Every structure is written in structure tokens, then in C-alpha cells.
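Peer 1: What follows is a single structure, and I will ask about it in a moment.
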Amino acid sequence: MIQNIRVTKQFDFETAHALDGYTGKCQDIHGHSYHLQITVIGKPIVDKAESANGMVIDFGEIKRIVNDKIIVLFDHRLILRNDSRFNGIEANNMRVRYVKYQPTCENMLIEIVDVLKQQFGIGVELHSIMLRETANSFAEWYAKDN
């Protein structure tokens, strides 16, 4: 019997943000070195005629998807809420991205999940995603919880 296997790939990117309306230090523009961990689940291919025989998914395919769909949205960008008090900063900063949500680690993770849910082929499902904001602070999403 072919068993489900979890396959994980990790990524790092740098992002700045500001949490407008928050009463702590994070209300002002600051940055983090984020660590993203993507885990998919599926059964390994058992067709000797397939070049991916024995794989759930090629690690390179996960890398391509995440780089093309996620990293480009966040890496070396300043993420601000649409109604941010910093509106207009993009006139002197080319890598500003406005979003509809408060750019917390949790909300950034939700956006990442929403984008990645549609990216994997038949037989490969998103299992979990972890977004680490600091060495000891992170948010996690699990398919089974949703």
C-alpha cells in the first residue's frame, strides 16, 4: 500500500512592515528576517516511466512555485495597510506594497496560504505552513484545522 508522505521546503526573505494602530513597538516601520516552511502531503509516484518516480513532488517545483508566487510579494518589500499613515512613502521607496489587512505575521501567513492552496497539482495537497518572524516567534497554519 502506498502511504502518504509529507515533503517540506524552507525559504528565507526580508520584509519590513508597520502595524498602524498597534500600541507597541511594532507600530512604526521595522523589519524582520522571515523564515517560511511549506509542507505538502501526497503519495509518491509509482510509475517507472515518470521522471518523478518515487517523488510526491520535486523540491524544485515547490521552490519555483514559492519563489514565483510568494517571495516576489514579500522579499525586500515594505508591507503597509492600505490606509496606513505612511501612505505616500512609495514616492521615494520603490518596494512598498499596500495590502487590505494589518500586516501581522498571522495575516501574512493567511495570504500565503490563500495563494498556495491553488498551486499544487492533483494528488499533492498543502499540509502546513509556518512563518517565523523572529528566532522565537512564529505563526502556523494546518489544513486539518481549517
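We did not get these values from a lab; they are worked out from the coordinates using the rules stated. As the structure is a computational prediction, the values presented were derived from the model and not from experiment.
Peer 1: Given only helices, namely DSSP H runs of n ≥ 4 each adding -39500 (n - 2.57), what is the per-residue ellipticity at 222 nm of the chain, to the nearest 500 deg cm²/dmol? Mind showing how you got there, number by number?
Peer 2: Details: 2 runs with 20 residues, N = 146.
The per-residue figure over the chain is -4000 deg cm²/dmol.
Peer 1: Also, I was wondering about something else. Excluding same-chain residues fewer than 8 positions from Lys9, which lysines have a Cα within less than 26 Å of its Cα?
Peer 2: Lys43, Lys48, Lys63, Lys69, Lys117, Lys144
Peer 1: Multiplying the sequence separation of Asp68 and Ala91 by 0.36 nm and subtracting their Cα-Cα distance, what value in nm do you get?
Peer 2: On the way: separation 23, 0.36 × 23 = 8.28 nm, distance 2.56 nm.
In short, 5.7 nm is gained.
Peer 1: Any chance you could give the angle, 0 to 90 degrees and rounded to 10, that helix 105-116 forms with the longest Cα principal axis of the chain?
Peer 2: 40 degrees
Peer 1: Quick one: 3J(HN,Hα) in Hz for segment 126-140, Karplus 6.51/-1.76/1.60 with θ = phi - 60°, rounded, Gly and Pro as x.
Peer 2: 5, 9, 7, 9, 10, 10, 9, 8, 9, 4, 10, 9, 8, 10, 10
Peer 1: Over the chain, with a Gaussian network built from C-alpha contacts below 10 Å, which listed residue (Tyr34, Tyr98, Tyr22) shows the highest mean-square fluctuation?
Peer 2: Looking only at Tyr34, Tyr98, Tyr22, the largest GNM fluctuation is found for Tyr22.
Peer 1: What are the ³J(HN,Hα) values, in whole Hz, obtained from phi via the Karplus relation 6.51 cos²θ - 1.76 cosθ + 1.60 with θ = phi - 60°, for each residue of segment 13-20 in sequence order, with x given for Gly and Pro?
Peer 2: Working through the residues one at a time gives 7, 10, 9, 10, 7, 9, 9, 4 Hz.
Peer 1: Related question: One quarter of the convex hull surface, Cα atoms only: what value does that give for segment 1-66 in nm²? Show your work: numbers first, answer last.
Peer 2: On the way: hull surface 25.7 nm².
If I average the Cα hull's projected area over directions, I get 6.4 nm².
Peer 1: Then there is this: Per residue, how big is the convex hull of the chain when only Cα atoms are used? Give it in Å³.
Peer 2: Working: hull volume 17.9 nm³, N = 146.
Each residue corresponds to 123 Å³ of Cα convex hull volume.
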